[in-house]
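Just below is one structure, and these are the notes that go with it.
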């Protein structure tokens, strides 16, 4: 059986795009499709999370259009990204999936759940927010500082983006960085310079002020688990509360002393919570 470290990168063609993906885990039950964060690739997921969830279900990681080893251009709207995600899932011959979206991937997951209600069974939204959410018009000041800084080791950017300044959180972050680099063969190439600007444009459209911005969330009828850290400075934690309040069948988990990457600070606990959510509702 393949794992996060050993699953080969495969490709499927759909809608003029050659999607790169990896799939592994228990093939019984409903597959879980992961949607990645800003400028991330398949190799940015935490093996403790992916392998942990793969014990009871098949896990599918993929790069959306224009990301790393997937061809095409990165769309400048979340809606187009969701269309591509649906095209990819259907190209694998799947008719029902659970969907996990982290950060920007959580925006895509929301749109995917609304556009494809028969395809998406359950939804997990991690470190993400609604349209016109609090502080989502642009990158937050904290995010601009973190992503605009220089680092002796570029991987250390994630210590500021995903973890709080506390000693406990930073220690967890350094352990995540070790796991993050465990896959040494067949790693994804870094994203091109065009990716960040296209994704920032999409984030700007999503976060722009509008009338009754949260009404669309009423159309998410799937059972939804919302997860975040109590001190998220990338997409402010209050946005997770808004999601839980506005999605009809949503529950919320907030992890203490945790930033944007709370699921990487508490990987075993997150796997337990996510697994219980997915399995209890079968």
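Read-outs throughout are calculated quantities, based only on the coordinates presented, and are distinct from any laboratory measurement. Owing to the predicted nature of the structure, the values given are computational and were not obtained by experimental measurement. For neighbour counting, all protein chains shown are included, and Cβ atoms are generated from backbone atoms with ideal geometry for every residue, glycine included.
If you plug the beta carbon distance of residue 3 and residue 205 into 1/(1 + (r/R0)^6) with R0 = 35 Å, you get a FRET efficiency near 0.40.
Annotation: peptides 44-54, 200-210, 240-250, 101-111, ranked by per-residue average of other Cβ atoms within 10 Å with the highest first, follow the order 101-111, 44-54, 240-250, 200-210. Taking a ≥ b ≥ c as the square roots of the eigenvalues of the alpha-carbon gyration tensor, region 1-41 is classed prolate because a/c is 1.5 or more and a/b outweighs b/c. Take every DSSP beta bridge whose two residues both sit in region 1-140; close to 45 percent of them are antiparallel.
Contour minus end-to-end for residue 171 and residue 249, with contour as 0.36 nm per residue of separation and end-to-end as the Cα-Cα distance? List each step's numbers first, then the result.
On the way: separation 78, 0.36 × 78 = 28.08 nm, distance 3.50 nm.
Once the chain is fully extended between residue 171 and residue 249, it gains 24.6 nm.
The mean sequence distance of close C-alpha pairs (under 8 Å, at least 6 residues apart), as a share of the length of region 1-101, puts its relative contact order at 34 percent. For Cα pairs less than 8 Å apart in space and 6+ apart in sequence, what is the mean separation divided by the residue count of the chain, i.e. the relative contact order in percent? Once normalised by length, the contact order is 22 percent. Against the set (1) 77, 57, 36; (2) 45, 42, 38; (3) 52, 41, 34, the structure's computed Cα extents along the principal axes in Å falls on (2).
Which percent, to the nearest 5, of DSSP beta bridges fully inside the chain are antiparallel?
On the way: 10 of 32 bridges.
Around 30 percent of the beta bridges assigned by DSSP in the chain are antiparallel ones.
Between residue 194 and residue 95, full extension at 0.36 nm per residue minus the direct alpha carbon distance yields a gain of 32.4 nm.
Rounded to the nearest 500, what is the 222 nm mean residue ellipticity of the chain from helices alone, with -39500 (n - 2.57) per DSSP H run of 4+ residues and division by all residues?
Details: 10 runs with 104 residues, N = 282.
Value at 222 nm, helices only: -11000 deg cm²/dmol.
The relative contact order of region 84-210 comes to 26 percent, based on Cα pairs under 8 Å that sit 6 or more residues apart.
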